[in-house]
Amino acid sequence: MRRGEFHGGATTAARAARVLRASVATFFHDYHCYTSVAGLLVLPFSAAVLAAGAMASSSNSSPELMRATTARLRSMFHAAGFPPSSPFFALLVVKLSQTAFTFAASLPFSLTFLLLAKSCVAAMVVGAIPHRRRGAERDGVAPERGVTRVVRSWPAMAATYMAGAFVAMSANAAVFSLMFLAFNLADLLGFGESHSLTVAMSAAGAIVYSVAIGVATVVCGLAVVVAAVEHHQSIGPFAALIRACVVIRGRVPVALALAVPTNLAAAAAEALFQLRVVSPWRRNGGGVAGAGAGVAGEAFSIAYIHAVCVVMEMIVSCVFYRSCKRSEADEVRELEPDEKGDLQA
């Protein structure tokens, strides 16, 4: 990407399109490497996510823990004063419990296979460009390659990933607190019985919640990339989150626009898994014998598609981080005074 891509008259869509084009070009340039990462490292994580999502979405065979979580969230929302008849909050309770169960069930795979895959992708996309290697040598840090870089970056990435989960939960709590204040204020003013106001406030809450969680997710994902790239500086998890906030400053719309296509692709793979694997498995009575070889083959293929989508999301994050770093370097270079020659007698 060229200098000034995030500055000037380009729109958010144009800037996001440039990053997406560069990401697709990066993927096809080292196609065999990225597909190998998807098949060897991301595939177990994708299989765990798809299996956990199938268990969470089943109304008859859902785990007892998820049913208990749904009941607790529903009672908590009711006690907080949220309208029980609102379809938004009913859907939100179900999705929150499913997300929490999927996250907990796939956490061991996230901390191992997913983070190792992110470290590999970051090393290929960001760590291999020449100006970063020259900058590391100038700072007295020997450039790392291969397995050494991946292994050494994993502790910082794991700590940052868990800190990002805490930040995401904090963002959820903050948005729920704002909605709690809004609905209770409406009740105090005597507008609690108005159906149209309840619908309008629910719609506004859905928009605020989506934007807040989207920004938190983007920042947490970029912080993991920061931890993978700058692990030699012994950067802490919250320092990586702060660094991600600094890097993304002024580029939040672009980051949100970049998160939409990759998340939609992963969601499409999950929906395809529900349609082609989970539904036939339930119709045949469940069990390995009821699934059949064809359904098992489709499950493997869809899990691999999901893994490729996850790898593509990693590449987009790394390319976006590289673009932000280049823009910062250009700004610093413009602010530096021109070098002058030594005075001669």
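Only the coordinates and a few stated rules stand behind these numbers; no lab work does. Since we're looking at a predicted model, the values are computed, not measured. When we count neighbours, we look across all protein chains shown, and the Cβ atoms used for this are built from the backbone with ideal geometry, even at glycine.
Pulled fully out, how much extra length does the chain show between PHE28 and ALA268, if you take 0.36 nm times their separation in residues and subtract their Cα-Cα distance? Can you show the working numbers first?
Details: separation 240, 0.36 × 240 = 86.40 nm, distance 2.16 nm.
Taking PHE28 through ALA268 to full extension adds about 84.2 nm, to one decimal.
Karplus couplings for the range 304-310 from phi (6.51 cos²θ - 1.76 cosθ + 1.60, θ = phi - 60°), rounded to Hz, Gly and Pro as x?
Couplings: 5, 4, 4, 5, 5, 5, 5 Hz.
Considering only SER75, SER210, TYR161, whose Cα is most displaced toward the positive end of the charge dipole of the range 22-324, charges sitting on Cβ of Lys, Arg (+1) and Asp, Glu (-1)?
Farthest towards the positive end: TYR161.
Could you tell me what % of all Cα pairs in the range 22-324 have separations over 31 Å?
38
How large is the Rg to Rh ratio of the range 239-289 when both quantities use alpha carbon positions and Rh follows Kirkwood? Let's see the in-between values first.
Working: Rg = 19.1 Å, Rh = 14.1 Å.
Ratio value, two decimals: 1.36.
Using θ = phi - 60° and the Karplus relation 6.51 cos²θ - 1.76 cosθ + 1.60, list the HN-Hα couplings for the range 12-21 in order, rounded to whole Hz, with x at every Gly or Pro.
4, 5, 5, 5, 5, 5, 5, 5, 5, 5
Could you derive backbone 3J(HN,Hα) for the range 27-34 from the dihedral phi with the Karplus parameters 6.51, -1.76 and 1.60 (θ = phi - 60°), listing whole Hz in sequence and x where the residue is Gly or Pro?
Along the range 27-34, the couplings run 4, 6, 5, 10, 4, 5, 5, 6 Hz.
Where does each of VAL252, VAL224 land when they are ranked from fewest to most other beta-carbon atoms within 10 angstrom?
By the 10 Å Cβ count, ascending, the order reads VAL252, VAL224.
Charges only on Cβ, +1 for Lys and Arg, -1 for Asp and Glu: so what's the dipole of the range 22-324 about the Cα centre, in debye to the nearest 20?
On the way: 19 positive and 11 negative charges, 94 e Å.
The dipole of the range 22-324 has a size of about 440 debye.
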